[in-house]
Amino acid sequence: MDSFSLQHHLDDIYQQYPEGDWKPLIGITSNYEGMDATLRYAYYNKVIEAGGIPLIIPPVSDRHVLVGTLESLDGLILSGGGDYNPLWSGEEPSPRLHNINSKRDLPELLITRLAYNRQIPMLGICRGIQTLATALDGHVAQDIASPTIKHSQDADRGEVTHSVTLHRNSEIYRLYGTQNILVNSFHHQAVSDPGQRFWVTATAPDGTVEAMESTEQKSILGVQWHPEWLDSGLPIFKWLVRKATEFQQAKTIHQRIITLDTHCDTPMFFPQGIHFDQRDPRILVDMHKMKEGRQQAVTMVAYLPQPKIGESFSQKVDTSWMQPSTNAQSPAPITPTAYANAIFDKIEDIVRSNSRNLSIARTPQDLYEDQRKGRRSIMLGIENGLALGHDIQNVKYFAQRGVVYITLCHNGDNDICDSARGCNTHNGVSQFGEKVIQEMNRNGLMVDLSHANEKSFYDALQISSTPIVCSHSNCRALCDHPRNLTDDQLRALAQAGGVAHTTLYHGFLRKEGETTIIDAINHLEHAIDVMGIDHVGIGTDFDGDGGVRGYADASEAIQFTLQLLRRHYSERDIQKIWGGNWLRVMTQVQGVRVEG
């Protein structure tokens, strides 16, 4: 080929790069020197060698640049360079502090936090590991001043100068398959405390932190040395490219399917004046977190606590957010039906204020329409049939209002049925409850048996002419709790065409120890083993005490998909788990045909 023929080079590209043969896009933060944004060639060469596509990111803090860049990235490398200004950590400068780089600090801290919120795989190198610590609640020593090891070598960059010891249970140990490796060293600052989001996975002989990894099942790795200059550094870059490829695949799946969380309690926080259109730290589901987690839809419930005998409903709920300020000290008593309506009024207000990006969906068809138009969806549910106010006419009323399901009871027996935490008042479903279920069938409302006891469950299964659902219930075989479903219940539910959705409430996942996303996956897979792939899903119970390490809020929804991909679930199976099964039941219950 004529090396100076442009057409020959173009022909070569078109012949060897077929449509769809994409590699993951890896962003690399650049340095700032004088008037120039710079980057050592070794970084992007290693990305290319590892199978990725490098993209150099300039050190700017403009929000459009940051967010727009991250929308395209599949992975991010935080590169090496000068010291951080200690004021970012609330410290005064040490006399041993070297040159700081103010042009880089804010842009890199911002992009790190934003990438973390978006679940983008990250690799921090030298200054980059310190970026991870500074941005994500760790701590950096301004000068380590080791008496035994020279951490800023004079040797060539490709020369190894000291050893590091790898933790046997770490990702980096799995990359190298040995406990000790040799590295280069160009730093005098180092991570002194990784914080709660990381754990130390490699140290130098003097105890200096040489690597850290995520404690939250996220694909984040930081190393203190410079692997881009070492032949032995390639496995680290291949790790990033592999994780970025996974992330790219998960993003693509989320673009093609409906991702529906069937149960969240965010309206419980209305009394705190939450801001759903902001990234509000008081709630686990908001517009920004849904966007970051690439979650399309959520069912928000009007939760009604069950009063005890002799206790009024008004004593159980905070109505100050519903009252004019002049009446805040002595709010009028409120009925359960009026309270549920007030919650739905508030949700509708939120949607009206954000109508370009948000919509209330009543049917599966609405969900697909919202997805096509680039809007996220909220579906309405009721948690506790107490909201009906013992008036059968309210079943039709709430169906017309757009409610898609009613959880028949909560923690305590009501006039409809007995609860898993009740006193067996009716020995299952009451006579009134039977009428409620039949009226729900007639009006296209899904019957939700989460929170019901076993007798109520089996009664409702027999009474209902349409499949029933359990919007947020786990497996009793894995965690012996009365709120969880036995294997016999799971089988009966599947035989009747219903679905059971795994929830993230820690007490329903395991009895002891910290719960993680792996526990949720274990419950899901047990339900699949018992019921089959066509009868499972996800109902997080976010803002109702749901949330586990690795899937702590809506921004981490895509982490659940990543876990499924690592277990070799197909896109079709993931689509079923993320709402396809639920929408099949909803279509049958509502008697409508879903297109899309």
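Details
- Identification of helices (runs of 4 or more DSSP H) wholly contained in the range 479-596 with 3 or more residues that are within 20 Å of the chain's Cα centre (by Cα) and surrounded by 22 or more Cβ atoms within 10 Å (Cβ to Cβ) yields 517-531, 557-566.
- Looking only at the range 368-390, and only at residues there that are open to solvent by less than 50 Å² (accessible area, probe 1.4 Å) and in a helix (DSSP H, G or I), the one that is nearest to Arg294 (Cα to Cα): Gln371
- Within the option set Asp62, Asp21, being out of contact with any His (no Cβ under 7 Å at 6 or more places or on another chain), of a type in the set (Asp, Glu), open to solvent by less than 80 Å² (accessible area, probe 1.4 Å) and at pLDDT below 90 holds for one residue only, Asp21.
- Scan of the range 65-99 for residues that are β-branched (Val, Ile, Thr) and either open to solvent by less than 40 Å² (accessible area, probe 1.4 Å) or touching a Pro at 6+ places or on another chain (Cβ under 8 Å) (or both), ordered by number: Val65, Thr69, Ile77
- Count of residues meeting criterion [of a type in the set (Phe, Trp, Tyr) and out of contact with any Gly (no Cβ under 6 Å at 6 or more places or on another chain)] in the range 468-517: 1
- The set of residues from the range 346-362 being without any contact (Cβ under 8 Å) to a residue 24 or more places away in the chain, among the charged types (D, E, K, R) and either open to solvent by 50 Å² or more (accessible area, probe 1.4 Å) or within 16 Å of Ile257 (Cα to Cα) (or both) comprises Asp349, Arg352, Arg356.
- If the condition is being loosely packed, with under 15 Cβ neighbours inside 10 Å, outside any loop (DSSP other than H, G, I, E, B) and of a type outside the set (Gly, Ala, Ser), then the range 140-175 contributes only Arg174.
- Among the candidates Gln393, Gln365, residue that is under 26 Å from Gln438 (Cα atoms), open to solvent by 20 Å² or more (accessible area, probe 1.4 Å) and without any contact (Cβ under 8 Å) to a residue 40 or more places away in the chain: Gln393
- Top-ranked residue in the range 321-331 [being open to solvent by less than 60 Å² (accessible area, probe 1.4 Å) and assigned to a loop (DSSP other than H, G, I, E, B); ranked as modelled with the highest pLDDT]: Gln323
- Looking only at the range 33-56, and only at residues there that are of a type outside the set (A, V, I, L, M, F, W, C) and over 27 Å from Trp239 (Cα atoms), the one that is least open to solvent (accessible area, probe 1.4 Å): Gly34
- Any hit, the range 299-320, residues being open to solvent by 50 Å² or more (accessible area, probe 1.4 Å), aromatic (Phe, Trp, Tyr) and modelled with pLDDT under 95: no
- Residue match in the range 336-352 (condition: assigned to a loop (DSSP other than H, G, I, E, B) and over 22 Å from the mean Cα position of the chain (by Cα)): no
- Residue list for the range 521-570, filter: in contact with a helix residue (DSSP H, G or I) (Cβ under 6 Å, 6 or more places away or on another chain) and of a type in the set (Phe, Trp, Tyr): Tyr551
The values are calculated or read from the model by the stated rules, or taken from the named source; none is laboratory data. Not measured: the values here are computed from a predicted model. Cβ sites come from the backbone with ideal geometry, for glycine too, and all protein chains shown count toward neighbours. Only protein heavy atoms, including side chains, enter the accessible area calculation; ligands, DNA and RNA are left aside. Shrake-Rupley method; radii C 1.70, N 1.55, O 1.52, S 1.80 Å.
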